[in-house]
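No lab work stands behind these numbers, since they all come straight from the coordinates. Computed from a predicted structure; not experimentally measured. Glycine also receives a Cβ, built like all others from the backbone with ideal geometry; neighbour counts cover every protein chain displayed.
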Amino acid sequence: MKRHYALTKAQRQAEWLAQFNDTLTTRIPALSGRVEWPAALYYFHSGITPTDAVDQYCIARSITNEEK
């Protein structure tokens with residue numbers, strides 16, 4: 001079990017963003033290298049999980065299953 005209090009804010013942010021990117025590109029490989037990072041940071045600062053953030057990211061950008 002990882003302990004969040006042993007990480008700096010930058011480390012937590014980097015880990016979260018990596019999880020977000022991995023989840024997004026696994027779900028929709030066509031978006032590899034095309035992530036809107038300011039939006040991802042918004043979701044990070046909102047305090048939601050990377051998986052939920054990917055769901056909201058796809059909804060906000062009207063990304064559908066056809067684009068996979």
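Using the crude model of +1 on Lys and Arg Cβ and -1 on Asp and Glu Cβ, and no other charge, please compute the dipole size for the chain relative to its Cα centre, in debye to 20. Don't skip to the end; give the middle numbers.
Details: 8 positive and 7 negative charges, 61 e Å.
I would put it at about 300 debye.
Could you rank the peptides 21-28, 45-52 by their average count of other C-beta atoms within 10 Å per residue, with the highest value first? If you can, show how the numbers build up before the last one.
Numbers: 21-28: 16.2, 45-52: 12.4.
Result, highest mean Cβ count within 10 Å first: 21-28, 45-52.
What distance in nm separates the two pseudo spin-label positions at Asp22 and Gln56, each 7 Å out from Cα along the beta-carbon direction?
Those two pseudo-labels are separated by 2.1 nm.
Rule-of-thumb check for the chain: C-alpha Rg over 2.2 N^0.38 Å? Can you show the working numbers first?
On the way: Rg = 12.5 Å, N = 68, 2.2 N^0.38 = 10.9 Å.
Compactness ratio reported: 1.15.
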